[in-house]
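S.K.: The following block contains the structure, expressed as structure tokens.
Quick note: the coordinates plus some simple rules give every number you see, no bench work behind them. Remember, predicted model here, so these are calculated numbers, not experimental data. Every residue, glycine as well, gets a Cβ built from its backbone with ideal geometry; the counts of neighbours run over all protein chains shown.
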Amino acid sequence: MDIEPIPWSSSLSVGMNSLDSDHQHLLKLINAVLASFAAAKEVNTRDLTDQFDALLAFWPVHFRREEEILEATSYPELISHKKVHRFMEARLAQFRVTFLNLPPTPGNLATLHSRLEDWVLLHIQGVDKRYQPHLPSSPSPGQSS
């Protein structure tokens, strides 16, 4: 099965190197999950488990880093932002269980792709973009200073 990777674009930048790098890494990990599901020939392969586990391991690292930065800037929506993060962590763990136990069909791949893409892009473009005015600015990866 073929799957289009979820691309990074400048529209996803929040204007801070460390957070943009994290978001790019999250997309790389999500794309690895999608590629592994697309390549799977059976349910619950070792590679797919490993890819989901790598995503699950990095997700909270990024969230904590983001929350520390927001706390340092006295971001007024920090409490609600943290709640969204905890919800997303729990939801990703549910996705892992669900999709490890689904057959790797084109329909299931399309569903996984759609859910992960909508989820991460809507979070960055909606929730994360709201904190951008509160951040100290730094050039994003690929931009000159």
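S.K.: With +1 on the Cβ of every Lys and Arg and -1 on the Cβ of every Asp and Glu, and nothing else charged, how large is the dipole of the chain about its Cα centre, in debye rounded to the nearest 20?
M.R.: Dipole about the Cα centre, nearest 20: 240 debye.
S.K.: I need the calculated FRET efficiency for the pair ARG130 and ALA93, taking r as the beta carbon distance and R₀ as 22 Å, to the nearest 0.05. Intermediate values should be presented prior to the final figure.
M.R.: Values: r = 25 Å, r/R0 = 1.14.
Efficiency for this residue pair is about 0.30.
S.K.: When the chain is fully extended, how far beyond the present Cα-Cα distance does VAL84 get from LYS28, taking 0.36 nm per residue of separation?
M.R.: Separation in residues times 0.36 nm, less the Cα-Cα distance, equals 18.0 nm.
S.K.: In terms of modelled amide H atoms, which long-range or inter-chain residues lie less than 5 Å from the amide H of VAL14?
M.R.: Correct list: ASP20.
S.K.: Still on this model: So how far apart, in nm, are the two label points at ARG64 and ASP118 if each is 7 Å from Cα heading toward Cβ?
M.R.: Result: 3.1 nm between the two label points.
S.K.: Then there is this: Work out the charge dipole of the chain with +1 on the Cβ of Lys and Arg and -1 on the Cβ of Asp and Glu about the Cα centre, then indicate which of PHE37, TRP119, LEU78 is farthest towards its positive end.
M.R.: Most positive-ward Cα: LEU78.
S.K.: Right, here's the next one. How large is the helix-only mean residue ellipticity at 222 nm for the chain, computed as the sum of -39500 (n - 2.57) over DSSP H runs with n ≥ 4, divided by its residue count, in deg cm²/dmol to the nearest 500?
M.R.: Result for the chain: -21500 deg cm²/dmol, rounded to the nearest 500.
S.K.: Compute the angle between helix 106-122 and the longest alpha-carbon principal axis of the chain, please, reported from 0 to 90 degrees and rounded to the nearest 10.
M.R.: Approximately 10 degrees, to the nearest 10.
S.K.: Just checking my list (i) 27; (ii) 40; (iii) 47 against percent of Cα pairs over 26 Å apart computed from this structure; which label fits?
M.R.: Of the labelled values, this structure produces (i).
S.K.: In the stretch 47-62, which residues have a backbone nitrogen under 20 Å from the label point lying 7 Å from ASN101's Cα in the Cα-to-Cβ direction?
M.R.: Zone members listed by number: 47-54, 56.
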